[in-house]
Structures are given as structure tokens and as C-alpha cells.
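See structure below.
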Amino acid sequence: MRRYSQSHAATEANSLFKQTVTKPATDYEKAEQTFHANRERLKAERLAREAERRSQSERTT
């Protein structure tokens, strides 16, 4: 059986894209992710309220 060797570039690319072992998140990282998710949720709600107000004011004008 014949074996084909990978080129140097292919070997290097494979080593760069190897699966990394994920460590469990620290309490700080969990809190940071929660804070970020909450901030994004509140931002989306605020933008929705502002858009609704704009559309209502355009209708009355």
C-alpha cells in the first residue's frame, strides 16, 4: 500500500486548525458572558421601543 505524505503547507495548516481542548469557564467568564448577553437584550428592547415611538409619531404628524 502506498502512503501519500502531506505537503509542508498542508501539515502546517492542519496543526493551526487542530481542535483545542476547552477548559471549563471560570466564574468571572460566566459572569462576563451573562452581563454581555443581558446588555445586548436590553439594547434590543430599547431600540425596539424607540422604533415604535418613531413610527407612532410619524402616524400622528
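The values are calculated or read from the model by the stated rules, or taken from the named source; none is laboratory data. Computed from a prediction, not measured in an experiment: that's the story for all the values here. Here Cβ is always computed from backbone atoms with ideal geometry, including for glycine, and neighbour counts include all displayed protein chains. Side chains included, ligands, DNA and RNA excluded: accessible areas come from the protein's heavy atoms. Shrake-Rupley method; radii C 1.70, N 1.55, O 1.52, S 1.80 Å.
Where residues in the stretch 1-14 are assigned to a helix (DSSP H, G or I) and surrounded by 10 or more Cβ atoms within 10 Å (Cβ to Cβ), which of them is modelled with the lowest pLDDT?
So the first thing to find is which residues in the stretch 1-14 are assigned to a helix (DSSP H, G or I), and the list is 8-14.
When the remaining residues are screened for being surrounded by 10 or more Cβ atoms within 10 Å (Cβ to Cβ), the result is 10-14.
Working: ALA10: 83, THR11: 83, GLU12: 84, ALA13: 82, ASN14: 79.
Step by step, filter the stretch 1-14, then rank; the result is ASN14.
It is to be established whether one or more residues within the stretch 15-28 are among the acidic types (Asp, Glu), out of contact with any Pro (no Cβ under 7 Å at 6 or more places or on another chain), free of Cβ contacts under 8 Å to residues at least 60 places away in the same chain and open to solvent by less than 100 Å² (accessible area, probe 1.4 Å).
No, that holds for no residue.
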